[in-house]
1. Length gain on complete extension for the stretch B:A55 to B:R182, per 0.36 nm per residue less the alpha carbon to alpha carbon distance?
2. How high is the FRET efficiency between A:K7 and B:S45 when r is their beta carbon distance and R₀ equals 45 Å, given to the nearest 0.05?
3. Averaged across the residues of B:228-240, what count of C-beta atoms belonging to other chains lies within 10 Å of each residue's C-beta?
4. Please state the shape class of the protein assembly as shown: rounded when a/c is under 1.5, otherwise prolate if a/b exceeds b/c and oblate if not, all from the C-alpha gyration tensor.
5. Can you run phi through the Karplus equation (6.51, -1.76, 1.60; θ = phi - 60°) for segment B:53-67 and list ³J(HN,Hα) in whole Hz, with x for Gly and Pro?
6. So for B:D93, B:D36, B:D102, fewest C-beta neighbours within 10 Å to most, what's the order?
7. Using just the helices of chain A, give the 222 nm mean residue ellipticity in deg cm²/dmol: DSSP H runs with n ≥ 4 each add -39,500 (n - 2.57), and the total is spread over all residues, rounded to 500.
8. Taking 7 Å along the Cα-to-C-beta vector as the label spot, tell me the B:L110-A:M222 distance in nanometres, rounded to one decimal.
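Please treat every number below as a calculation from the coordinates, not as lab data. All of these numbers come straight from a predicted model, not from anything done at the bench. Note: ideal-geometry Cβ built from the backbone for every residue, glycine included; neighbour counts use all protein chains shown.
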Amino acid sequence: MWAFIHKLGSPKWFYAISSRLLPWFWTTAVLLIGVGTVWGLAFAPADYQQGNSYRIIYVHVPAAFLAQSIFVSMAVAGLIFMVWKIKIADMAAAMMAPLGAAMTFVGLFSGAVWGVPTWGTWWMWDARLTSMLILFFLYIGVIALRGAFSSRHSASRAASVLAMVGVINIPIIKYSVDWWYTLHQPSSFSMTSRPSMPADMWLPLLIMVLGFYCFFVAVTLMRMRSEILRRESNKRWVRELAGELS
Amino acid sequence: MRGTEAPMVEEEGARVSRGEPRGGLVVALRATLKRDLILLLRRRSELMNPLVFFALVITLFPIGISPDPVLLATIAPGLLWVAALLAALLSLDSLFRGDFEDGSLEQLLLSPQPLPALVLAKVAVHWLMTGLPLALMAPVLGLMLSLPAGSYGVLALSLAVGTASLSLIGAIGAALTVGLSRGGVLLSLLVLPLYIPVLIFGAGAVKATIMGDGVTAHLAILGALLAVALMLAPWAIAASLRISING
């Protein structure tokens, strides 16, 4: 087990192991998202209050889940990089950040689109939307900080520290925004307090969430593989792979 | 300015009489505090800038929105807090910049004393010279925005406690961007999202006073945020400074 983890830390081994894992993650992701989409959009019953507009939940909720999980995994990767100096962890953090920002944007956008039929407006300073917006800014901060350094080593360490500071702050921000919102808007439409969903509704949602996670792992692995080739481009095994050395 | 490696074998009296900073965290802290205070007091215009900025931004709002006292009174707590927050942010970029450019930041990093403690002293001076004056000035500007009577004390107190957290959180961003030539805009991008909880409870405290609700809960949470920031931020600032210097 330990040997496996040590192997994962080496770019060469990671490249080999990930090439075997990648097809599995892609297949699972495509299957789950395909099944979830068809089930959720075509077969799940319509909501008695919102009609068919609620079906945006099958994109909105998985994206929101991923947006938060990716930030946490980015901070964990940053911690691993700072403590054990494992390069792979930093590559993972660097490759996850744009995907996390994209997922946050998808969550925000689908939330805004969902707002039109439910609230009658594109944007409300709803607690969830507001904390998602702040999360989006945190992602942009991490990406911008990484881009601002000319030395890759400093950039990686600075981005790791910022991701860790951010992940400590996310729950604080989330609870203070919730508190702020309840103070200003005592009653409004809430997703948590409505009657529990029937299984026909939440099963496709669960499948979509799992599918999105597989998609995230697959995309991250794929991006990490190209990042490994880019960063290790002068190593012997990469040049052999590219056919430069016979 | 920094303690030497000599072990503390001398008696307190002998050390004080010679007036030399020798060993010991307390001496190093006192020296850092004194040095930063003197440096800031000799650049008075830099001290005034956040205060003038605060006053100017507050002047813009009645001009831009409406001079109606009733309307102004309702938005005054938020306006004052946002403007003070931006003024504190404005002064952050210079927190480590001067020391970085003249090389004394490297000496601070080389010192045998724990860096988080020394950094805490620098942040304390920053708060003393920006946060506290902003808090003291806020009631005057509140008067101009016709903030309801009785909330002035809470406004100053919430700003005094809140800006201490702002200085601590902001110093992390300042330390991360000190090595970058154009760190200013990036600094605000990094720091502003982290300021939101302080803003919520700071402005909330003033609003609660106006509405006649209990204010202790808000102030207690502001204090709790400060306690968390005091506990964690010095380590993050120290780590960030090491990244900026060694990179």
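1. Using 0.36 nm per residue and subtracting the Cα-Cα distance, I get 43.1 nm.
2. Once the sixth-power term is evaluated, E becomes 0.15.
3. Across B:228-240, the average partner-chain Cβ count within 10 Å equals 2.
4. Values: a/c = 2.49, a/b = 1.19, b/c = 2.10.
It is oblate, given that a/c is not under 1.5 and a/b is not larger than b/c.
5. Result, rounded to whole Hz: 4, 4, 5, 5, 4, 5, 5, 5, 5, x, 5, x, 9, 5, x.
6. Lowest count first: B:D102, B:D93, B:D36.
7. Values: 8 runs with 191 residues, N = 246.
Rounded to the nearest 500, the figure is -27500 deg cm²/dmol.
8. 5.1 nm
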